[in-house]
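Everything on this sheet refers to the single structure shown next.
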Amino acid sequence: MTASADIARRPEPQETFVLNVGPQHPAAHGVLRIKMTMDGEYVMRAEPVLGYIHRMHEKMGENRPWAQFLPNTGRIDYLSALHYNHAFVGVVERALRLEVPPRAEFIRVITSELNRISSHLVWWSAFLLDLGGFTPLLYAFDDREKILDLLESVTGSRLTYCYFRFGGLCNDVDDAFVAGTRAFVTRMRPRLKMYRDLVTDNIILRKRLEAIGPISAEMCRRYGATGPVIRGSGLPYDVRRAEPYSVYPQLDFEIPTFPEGDSMARYRVRMAELEQSLRLIAQALDKLPAGPVMGKVPRVLKLPPGDYCYAVEAARGRFMVRVVSDGKDNAYRVKLRTPSFSNLSLYEEASKGMILPDALALLGSLDLVIPDIDR
Amino acid sequence: MNFLTTEPVRLLLSLLCIMAFVGLNAAYLVLAERKGAGRFQRRPGPNEAGYGGWLQPVADVVKLLSKQLIVPPGTDATLFRLAPLMVLSPAMMCLAVVPFSETLVARNINVGLLMVFSFGSISVMAIMLSGWASRNKYAIISAARVVSQDVAYEIPMLLVVITLLMMTGTMDLNEIVRQQAGGFWHWNFFKVWANPLMPVTFVIFFTCMLAETNRAPFDMAEAESELVAGAFTEYAGMGFGVFFMAEYANIVLGCSLATVLFFGGWQSPFGLWPGLLWFLLKLYALIFTVIWVRWTFPRTQFYGLLNLSWKILIPISLFTLLLSSAMLKIFHA
Amino acid sequence: MKASLLEVPRGFWSLLVGMRVTLGQFFKPVVTVPYPRKTLPIPARYRGHIELTLDPETGRPLCTACKLCERACPSDCILVDGVKREGEKKKSVTEYHLDFTKCSLCGACVEVCPCDAIHFSKNYNLASTSKADYTFDLVERLKAGKKPS
């Protein structure tokens, strides 16, 4: 079902109409508006219109002290808030050359990977809901409850965490958390097998996703798409290996890559990432050292003038924070390079000539969080 | 007593019973589906209205009845009002020939199977009518899709039924059930000496039944309404409610047919105490399977749906037909 | 050709495997809790809106109205005021207003407080129809909490 070959054979459309998808959706995409110029059933041009949830986070970074920007980081991409916490905390630590105790680094990795799993579970449920499978949502949210309970016992929040601090963490984890996380890892592995049996190997799903929405590695490079999008097109690019940070160099994990470049490949990448995250959590729990969770931090935070950046592998791709400081106690400029923005930018080219339901399946497989795009 | 057993009165009473059966089923199958969906998803399902949720269908019906029946201007008002009726009546009519037990048949005619399939196609026409009468571009497209889906799946269903007919030799539904007397090994589903692919024919019949009633995973027509209008968008309140009821009535009809044709109807699995109870047990087991299938799988894509019928089901059913006739000729001449 | 023929029984088998999974889940117990008839335990570190901590010895709030929390808050939710009483080294708080409509539960106020005078409450049932219900007068709330029930 090669849509682009079909579209090449089709005659010039006599009459096109504009179908407005969004900003309110029955599906769980967020407030994204896409103006689709349609020729009958085929999408001629899909133009995303952004800005419905633009909250000016970058401006807020400029008019408040460094520490007061931390809650904002959790709200940019609320599903993988801890990764975004990590990036901002990392950039300040890099600028001030703060020492983070190893216990804090390991706990950061454990909680970030738990957050990655919960984010991928939300993507999985919403994507299947788009495709008409209602039941996996409930199963995934049952697992996600366990993660949220674990993280709530440590941070006090269930979704928009503000847990990392400059130099370490807000508070320490206790033995109940360690035991609970180990129990979760043991529980989750058979659940992943269940998801494979129920959904991934299902012939109906495979027919819906295989060969749909092909995205080549070259297209990803041109638009700067990262995360599962580029790994589903054959390129094993992961910030944890390309620009290593925190204690990831000490941990052993694989980068799942699938070469086909269709929606099924991206789906498989994320399901494989769930396995790898469980592996990382198990290793980090084994290596968790004792010690303090907060390093030495100067009383008054003023970054030396200059340009600093820090990149993390968030659930959706490469998230980078770049701050420009002029020596004051707030930033001169905070730039948030979000993965969903770059992932969305290839949508217009990738969806040309597809049938509308396939174009929407492609949108779901990109895993976009709209507040991440609009910031 | 004599008056009640005269033929016209008996017929009238049994038709009224069938209408009541269909109505109650349509209402309570909705609840069964929601509770079943809940149990598959590890949650209770509706349990607030009435003890354990038993009054939920009553609440739904009251809600639907209290809504205004809007007939949009510019539509063909007669056809618009006619379509819901035409969708519901075939299911009720066809159930008149289905044998609920040896004596509980409204009207046992000797071409009962033929009647079921001829009247069953009327509901397909009624959906086209509803799409046409709505005067809504997307409703017409959606209704046309439903019709092409239904037509595509009628063919394998009829081929499978013909395969069965060659084996049973009669179209009289009660006679077909009587042929399956004895234990469950006499049921048509297990008659592999007549046709080794008999279980496959049942699977094809079941799949076609799901597609005919627009149930998941073949419910593109209903799901389409997420993006573009579905065939029933213009219907408000009870008009929509009747389409909903018709879907469940068609499920009841399809599962009753499957029970009668493949699983021995009112026969018991071990030859003891045949009767209504066994029929109902088998019927509801099949309906449970329909609900189970809906909540397990995602939706097929529209062209995947048609591909399945034209490229997979029809060749297989043609093959079983040939196989059945060959075996009949060779072994049972 | 052979691959597409084999796909039919394999695909059908995958459907049956999926159905077995859901049937297995059908017979397992329900995982949801019938809220609000039953509620779940709230963890110790749960972040509800802040409350003043009582000093058990003096019976008054520990807060000394140093205004560090007011300065640390990113959303300008807190308004503190206090007076210095006779014979005491530090001030005592007289006014503590929290505008919860703007609070993001970041925890900066709780962390920066030098005398542990504020803590997160476990109050989550906060639905209301008027905005005024979300401006908390924490001193009043503390006094109301002291009264015997």
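Per-structure values
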item	result
Proximal lysines relative to residue B:67, as straight alpha-carbon distance under 26 Å, when same-chain residues fewer than 8 apart are discounted	B:35, B:137
Residues of segment C:104-122 with amide N under 14 Å of the 7 Å Cα→Cβ point at residue A:297	C:106-113
For residue A:314, residues with placed amide H under 5 Å, excluding near neighbours	A:319
Partners for residue C:28 among aspartates and glutamates (Cα-Cα distance below 16 Å; same-chain residues under 8 apart left out)	A:142, A:143
Over segment B:1-154, relative contact order from alpha-carbon pairs under 8 Å, at least 6 apart, %	19 percent
Positive-end residue, chain B charge dipole about Cα centroid, Cβ charges, pick of B:249, B:266, B:288	B:288
Förster-model FRET efficiency, 45 Å R0, residue B:54 and residue A:194, C-beta, rounded to 0.05	0.90
Whether the protein assembly as shown is rounded, prolate or oblate, judged on the alpha carbon gyration tensor where a/c under 1.5 counts as rounded	prolate
Computed [θ] at 222 nm, deg cm²/dmol, chain B (DSSP H ≥ 4; -39,500 (n - 2.57); rounded to nearest 500)	-21500 deg cm²/dmol
Shielding of A:158-165 by partner chains, average beta-carbon count, 10 Å	2
Calculated P(r) tail over 27 Å for segment B:108-264, as whole % of Cα pairs	31 percent
Student exercise, chain B dipole from Lys, Arg, Asp, Glu Cβ charges, in Debye to nearest 20	460 debye
Normalised per residue, the volume of the convex hull around the Cα set of chain B (Å³)	159 Å³
R0 of 35 Å, Cβ-Cβ distance residue A:222-residue C:102: FRET efficiency to nearest 0.05	0.25
Derived scalar couplings ³J(HN,Hα) [segment B:70-86; Karplus, 6.51 cos²θ - 1.76 cosθ + 1.60; whole Hz; x for Gly, Pro]	8, 10, x, x, x, 7, 7, 4, 5, 5, 4, 7, 6, 4, x, 5, 5
Pairwise FRET efficiency - residue B:19 versus residue A:171, Cβ, R0 = 56 Å, nearest 0.05	0.25
Rounded Å value of the spacing that divides the Cα centres of segment A:30-65 and segment A:83-148	24 Å
For segment A:158-202 versus segment B:109-139, the gap between their alpha-carbon centres in whole angstrom	52 Å
Charge dipole magnitude, Cβ of K and R +1, D and E -1 - chain A, Cα centre, debye nearest 20	780 debye
Dipole-positive endmost among A:127, C:23, A:181 within the protein assembly as shown (Cβ charges, Cα centre)	A:181
Whole-Å semi-axes of segment A:153-267's equivalent ellipsoid (Cα gyration tensor)	32, 22, 13
Where GluC sites (Glu not before Pro) fall in DSSP loop in segment A:23-104, at most 16 other Cβ within 10 Å	A:41, A:99
Cleavage-rule hits (GluC sites (Glu not before Pro)) in segment B:33-123: DSSP loop, at most 12 neighbouring Cβ within 10 angstrom	B:48
Mean Cβ count within 10 Å, highest first, over the residues of peptides A:175-188, A:147-160	A:147-160, A:175-188
Loop-located GluC sites (Glu not before Pro) in segment A:216-320 whose Cβ has at most 13 other Cβ within 10 Å (DSSP)	A:254
Dipole in debye (nearest 20) - segment A:269-375, about Cα centre, beta carbon charges: Lys, Arg +1; Asp, Glu -1	620 debye
Farthest toward positive dipole pole in segment A:3-374 [+1 Lys/Arg, -1 Asp/Glu at C-beta], among A:292, A:46, A:213	A:292
Net +/- balance of residues flanking residue A:59 in space, Cβ distance below 11 Å, scoring K and R +1, D and E -1	+2
Label-point gap, in nm, between residue A:243 and residue B:151 - each point 7 angstrom along Cα→Cβ	5.9 nm
Cα-based equivalent ellipsoid of chain A: semi-axis lengths in Å, sorted from largest, via gyration tensor	36, 25, 17
Subset of C:67/C:90; B:311/C:2; A:352/B:311; A:59/A:302 violating a 20 Å alpha-carbon distance limit	A:352/B:311
Mean projection area, nm², convex hull over Cα of segment A:88-181	6.6 nm²
Stokes-Einstein translational diffusion, segment C:50-146 - Kirkwood Rh over all Cα pairs, 1.567 mPa s, 4 °C, in µm²/s	93 µm²/s
Within chain B, longest stretch free of exposed chymotrypsin sites (Phe, Trp or Tyr not before Pro) [DSSP loop, at most 14 other beta carbons within 10 Å]	B:194-333
Pairwise centroid distance, computed over Cα atoms, of segment B:152-176 with segment A:220-286, Å	54 Å
Residue-count net charge about residue A:258 - beta-carbon cut-off 10 Å; Lys, Arg +1, Asp, Glu -1	+1
Gyration tensor over alpha-carbon atoms, segment B:74-170, equivalent ellipsoid semi-axes in Å	31, 18, 7
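None of the figures in this text is laboratory data; all of them are computed from the coordinates on show. As the structure is a prediction and not an experimental result, all values here were calculated from the model. A quick note on method: Cβ atoms are made from the backbone with ideal geometry, for glycine too, and the neighbour counts reach across all protein chains shown.
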